Ligand code: NAD
């Protein structure tokens, strides 16, 4: 059981704070929304009138706020966390914010001898309610060890992302990919509608292929990640198939902006001599276009 200040009681923060209480921790909470605070008080928390008051005397301070400017404000502004935080407390930001803002906050706190770790979460608000969030811990091993008991009150799994600032970076990549994939999936489903295909059949097909499973765990491990670019499915053929899909969509007046952009990635790879390579060589192509050295992972 720990004494915890929790600041930011929104869709995520409110159920996370409630789960901390349910697991026996003593919470002091603050939010600019008084209704959100009342709800937590009804669940057993103590209300504070400012971030500074919430922080006073607590061993862990958790922030779960919409953006980096607000995190910075509750930490450093008047009546902020730094006014009352004790030197042996640990400040954990679980918000999704810009990594450079997170770095700036950590560095500024370090000059004040205040410990900070980034620990954003994966999954959704349903998981926040169930206490099954994926915790992306970015801190020293000592900080992660110290916080793990309370983090596991909110999540079912902690991933040590390898050091301070890494949690927020891996969260960024996760969201980049899952948010983009959401739009790509919507394009595929729209093309499905335009072709008058029952969506449940398309789902059944795609749930068994990389279309839905993704490539990290299906096509990549035995090919590009091993440095094997011999074709299981050639870039030339992938380019042809994407072209057919775009042509069909075009005839049906269905715009597929992400699909069209993807086709051009394959066009570039072909133009650069990768047509006969495996389609997973797209990874090598993207790395090369970015100026990063190709490397086996
Ligand atoms: P939200 O908008 O529901 O909640 C934010 C809370 O912060 C609100 O209660 C608001 O009143 C409070 N707040 C704003 N300014 C404040 C201040 N100055 N002082 C104190 N409280 C203040 O947002 P959310 O969905 O709970 O998301 C919180 C963070 O978690 C975001 O960074 C978001 O990107 C991230 N996240 C959200 C989800 C999700 O599914 N919603 C999933 C993972 C991560």
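The values are calculated or read from the model by the stated rules, or taken from the named source; none is laboratory data. Quantities reported herein were computed from a predicted structural model and do not represent experimental measurements. Backbone-built Cβ (ideal geometry, glycine too); neighbour counts: all protein chains shown.
Selection of the stretch 69-84 for residues being crowded, with 17+ Cβ neighbours inside 10 Å and either under 22 Å from residue 146 (Cβ atoms) or near the ligand (Cβ under 8 Å from one of its atoms) (or both) yields 70, 71, 74, 75, 81, 82, 84.
As an exercise: evaluate residue 176 against (1) under 30 Å from residue 104 (Cα atoms); (2) modelled with pLDDT under 95 and give the number of the one condition it does not meet. If we test residue 176 against (1) under 30 Å from residue 104 (Cα atoms); (2) modelled with pLDDT under 95, just (2) comes out false. Selection over the stretch 211-230 of residues that are under 22 Å from residue 259 (Cα atoms) and in a loop (DSSP other than H, G, I, E, B) gives a count of 7. Exactly one residue among 75, 105, 150 is in contact (Cβ under 8 Å) with a residue 40 or more places away in the chain and assigned to a helix (DSSP H, G or I), and that residue is 150. For the stretch 129-143, residues that are surrounded by fewer than 22 Cβ atoms within 10 Å (Cβ to Cβ) and within 13 Å of the ligand (Cβ to nearest atom) total 4. One residue stands out in the stretch 39-48 among those that are in contact with a strand residue (DSSP E or B) (Cβ under 8 Å, 6 or more places away or on another chain) and in a helix (DSSP H, G or I): the one that is farthest from the ligand (Cβ to nearest atom), namely 41.
For the stretch 46-59, residues that are in contact with a helix residue (DSSP H, G or I) (Cβ under 6 Å, 6 or more places away or on another chain) and over 10 Å from residue 85 (Cβ atoms) total 2. Conditions first: (1) loosely packed, with under 15 Cβ neighbours inside 10 Å; (2) in a helix (DSSP H, G or I). Residue 169 passes all but one, so which condition is the exception? The single condition residue 169 does not satisfy is (1). Number of residues in the stretch 18-37 that are free of Cβ contacts under 8 Å to residues at least 60 places away in the same chain and either surrounded by 15 or more Cβ atoms within 10 Å (Cβ to Cβ) or in contact with a strand residue (DSSP E or B) (Cβ under 6 Å, 6 or more places away or on another chain) (or both) equals 10. Among the residues making up the stretch 1-15, those that are crowded, with 18+ Cβ neighbours inside 10 Å and closer than 18 Å to residue 132 by Cα are 9, 12, 13, 14, 15. Of all residues in the stretch 1-13, those satisfying the criterion of being in contact with a strand residue (DSSP E or B) (Cβ under 9 Å, 6 or more places away or on another chain) and either within 11 Å of the ligand (Cβ to nearest atom) or not in a strand (DSSP E or B) (or both) are 1, 2, 6, 7, 8, 9, 12, 13. Here the condition is being within 14 Å of the ligand (Cβ to nearest atom), buried (at least 22 other Cβ atoms within 10 Å of the Cβ) and in contact (Cβ under 8 Å) with a residue 24 or more places away in the chain; of 66, 51, it holds for 51 alone.
Which one is surrounded by the fewest Cβ atoms within 10 Å (Cβ to Cβ) among residues in the stretch 94-128 that are near the ligand (Cβ under 9 Å from one of its atoms) and closer than 15 Å to residue 138 by Cα?
If we take residues in the stretch 94-128 being near the ligand (Cβ under 9 Å from one of its atoms) and closer than 15 Å to residue 138 by Cα, then 122 is surrounded by the fewest Cβ atoms within 10 Å (Cβ to Cβ).
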